[in-house]
Amino acid sequence: MNNLNILQEKFNSVQITDSNKIIVHDNLVSVLEFLKNTSEFDFDMLTTIIATDKIERIELIYQLYSTGNNNTLNVYYYAPGAAPTVIGLYKSAYFDECEIYDLLGVKFEGNKELKRLLLPDSWIGHPLLKNYTNNDERLAWND
Amino acid sequence: MTDIMKINVGPQHPSTHGVLRLITELDGEKIISIKPEIGYLHRGLEKLAESKTYLQYLPLVDRVDYLGGFFTSYAFCNAVEHLLNIQTTKRTEYIRTLCMELNRIASHLLWLGTYMLDLGASSPIFYTFRERESILALFEELTGQRMMYNYFTFGGVRFDVDNNWLDKVNDFLNILPKAIGNYEKIITNNAIFIDRTKNKGILTKSFCSKYAITGPNMRASGLEIDFRQKMPYSAYNELGFVVSVNNLSDSYGRYLVRIQEMRTSIDLIKQCIMFLKQNKDNVSCNINPIKLKIPQGEYTSYVESSRGLLCCYIQSDGSEKPYRVKWRTGSFYAVQVLPELVIGQNYNDLIAIFGSLDVILPEVDR
């Protein structure tokens, strides 16, 4: 997308890596709000949030889709242990954020109903972290 | 003012197609709050990917959505092929498209039968399962399996199709339009069906984008978005089809979209058969899947499954095992929108509305 320059003019810290990948270092919510409400971008749908444990930090990828322009954009954000919530902008993010909290332990600030989604409340640890160990020998990933 | 009654719908409720618990609060018969509780079918498919090689993980991806095994396996194979930068043959892609479209019909038929059962009509399921059984028999002949096919591989498909099998598919396609016509005869104008679905569970356009609802549910709200057309993959850019869409936004509209989609799939399969009968390419690439090492990188494949947008994201660190696999499925988001649709409605509409969203729980919990 050529018009990503508009975004960079407004937010200096945004890094544009290629046509559909940008890295946001701060002000995540304002960047997403700008991407959603500016008519050039019109990213009205957050298809999913992907979280990956990169050992020293958690990588969050917000995959945006524009139903009007048929564009996709991957917004990268690196969270050391917490990230701002985006449910004010995209309601679909609630389940995503709960799932990421459940499986990777990222706390989403501002999400008041953050809870374990897939695992029982009594579960100890966050399975998708690379240093996660579970002593239950029946589980396949111990070998 | 009556007392508020709190009841649990599920986890083992016959109408929830899987294991879902809905914590419901009722005022009389009116639903005043509802909270979906998921996770009962969580199998840790994303965690399992870390300890398995790509080939070992391949049979597991069919289990993400057991009614749409071809879609999930296509999404995974496509992402792997993209990361390996290999080009599949045209014949491969046409076989894959044919399988996916047959799968879409089978999935919609199962939805139609069980949805009618949810609404109290017990005969349509016998008719839809009769046709679905024919599709499963065709799949069994091709892949050896009725549901968990494990048929697509990296760079190809496991077995080539022969003209004999294609003729059998063609014979089935000649019966199907009449069968769909028969379903419509008993359902579309049925007064009870219309009474229970028209203007029930209104899903507006803005809800669709806010809650990331995709697939037939979205197209029944007037948004003409079909990823087969918007981001063509496999053989879809060479095939002609019309996207089914309507503006009704209610359960009835979602029913009409799915019926129309089955007809579209028939056209698509016929085009695939025509191509496959003339084309004699091979159906595999010369790669050894056992010693497969994927170069460092990441890729998301976008697939239009029968339940909406299906994404498979793979991140590779250059080793023989994936570093991260993430599944984005349509049902995960459709469960979330349920409270918006049913609050304020009568309790007996709960299953009628929920059923119309075509949620499959294994796909939600992964």
*Tell me, what are the semi-axes, in whole angstrom and largest first, of the equivalent ellipsoid of the protein assembly as shown as set by the roots of 5 times the Cα gyration tensor eigenvalues?*
33, 31, 23
*Within 10 Å of each Cβ of A:90-98, how many other protein chain Cβ atoms are there on average?*
5
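Note the full-extension length gain between residue B:136 and residue B:37 as 0.36 nm times their separation in residues minus their Cα-Cα distance, in nm to one decimal.
Details: separation 99, 0.36 × 99 = 35.64 nm, distance 3.20 nm.
The span from residue B:136 to residue B:37 would gain 32.4 nm if fully extended.
How large is the Rg to Rh ratio of the stretch B:4-365 when both quantities use alpha carbon positions and Rh follows Kirkwood?
Numbers: Rg = 20.5 Å, Rh = 21.1 Å.
Answer for the stretch B:4-365: 0.97.
Between residue B:126 and residue B:194, take the C-beta separation as r, use R0 = 22 Å, and let me know the FRET efficiency to the nearest 0.05. Mind showing how you got there, number by number?
On the way: r = 22 Å, r/R0 = 1.00.
Here the calculated transfer efficiency is 0.50.
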*For B:323-333, what's the mean count of beta carbons from other chains sitting within 10 Å of each residue's beta carbon?*
4
*Once you put a point 7 Å from the Cα of residue A:15 and another 7 Å from the Cα of residue B:280, both along the Cβ direction, what distance in nm separates them?*
5.4 nm
_Principal axis extents for the stretch B:1-56, Cα atoms only, whole Å, descending order, please._
60, 19, 11
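Considering Cα pairs under 8 angstrom that are at least six residues apart, work out the relative contact order of the stretch A:1-87 and quote it in whole percent.
Numbers: 142 pairs, mean separation 21.3, N = 87.
Relative contact order, the stretch A:1-87: 25 percent.
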*If you keep only loop residues by DSSP, which GluC sites (Glu not before Pro) in the stretch B:28-71 have at most 15 other Cβ atoms within 10 Å of their Cβ?*
B:29
*asked:* Counting pairwise Cα distances across the stretch A:4-124, what percent come out greater than 16 angstrom?
replied: 60 percent
*Once phi is turned into ³J(HN,Hα) by the Karplus curve 6.51 cos²θ - 1.76 cosθ + 1.60 with θ = phi - 60°, what whole-Hz value does each residue of the stretch B:136-149 show in order, with x for glycine and proline?*
5, 5, 5, 4, 5, 5, 7, 10, x, 10, 8, 10, 9, 6
*the stretch B:188-250: trypsin sites (Lys or Arg not before Pro) in DSSP loop, at most 15 other beta carbons within 10 Å*: B:198
*Taking amide hydrogens as modeled 1.01 Å from N in the peptide plane, which residues meet the under 5 Å criterion relative to residue A:45, leaving out close sequence neighbours?*
A:65, A:67
*Violating pairs (Cα-Cα greater than 31 angstrom) within the set B:280/B:326; B:230/B:277; B:35/B:321; A:115/B:52; A:115/B:326*: B:280/B:326; B:35/B:321
*asked:* What's the ranking of B:168-179, B:277-288, A:37-48, B:297-308 by average number of surrounding C-beta atoms within 10 Å, highest first?
replied: B:297-308, A:37-48, B:168-179, B:277-288
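On a full-extension model of 0.36 nm per residue, what is the gain between residue A:116 and residue A:54, subtracting their alpha-carbon distance, rounded to one decimal in nm?
20.2 nm
What does the extension gain come out to for residue B:270 and residue B:165, with contour length at 0.36 nm per residue minus their alpha carbon separation?
Details: separation 105, 0.36 × 105 = 37.80 nm, distance 1.32 nm.
Computed gain between residue B:270 and residue B:165 is 36.5 nm.
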*asked:* With θ taken as phi - 60° and the coefficients 6.51, -1.76 and 1.60, list the Karplus ³J(HN,Hα) couplings across the stretch B:26-40 in order, rounded to whole Hz; mark glycine and proline as x.
replied: 10, 10, x, 10, 8, 7, 10, 7, 8, 10, x, 10, 10, x, 5
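Of the peptides A:57-63, B:347-353, A:121-127, how do they stack up when ordered by the mean number of other Cβ atoms within 10 Å, highest first?
Put in order of decreasing packing, that is A:57-63, B:347-353, A:121-127.
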*For the pair residue B:55 and residue B:340, what calculated FRET efficiency results from E = 1/(1 + (r/R0)^6), where r is the Cβ-Cβ distance and R0 = 56 Å, to the nearest 0.05?*
0.85
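If you take each beta carbon of peptide A:46-54 and count the beta carbons of other chains within 10 angstrom, what is the mean?
Numbers: counts 5, 8, 11, 2, 10, 2, 6, 3, 4.
If you average over the peptide's residues, the count of other-chain Cβ atoms is 6.
Bear in mind these aren't lab numbers, they're just calculated from the coordinates by the rules spelled out. Since the model is a prediction, treat every value here as computed from it, not as a measurement. Quick reminder, even Gly has a Cβ in these numbers, built from the backbone with ideal geometry, and neighbours come from all protein chains shown.
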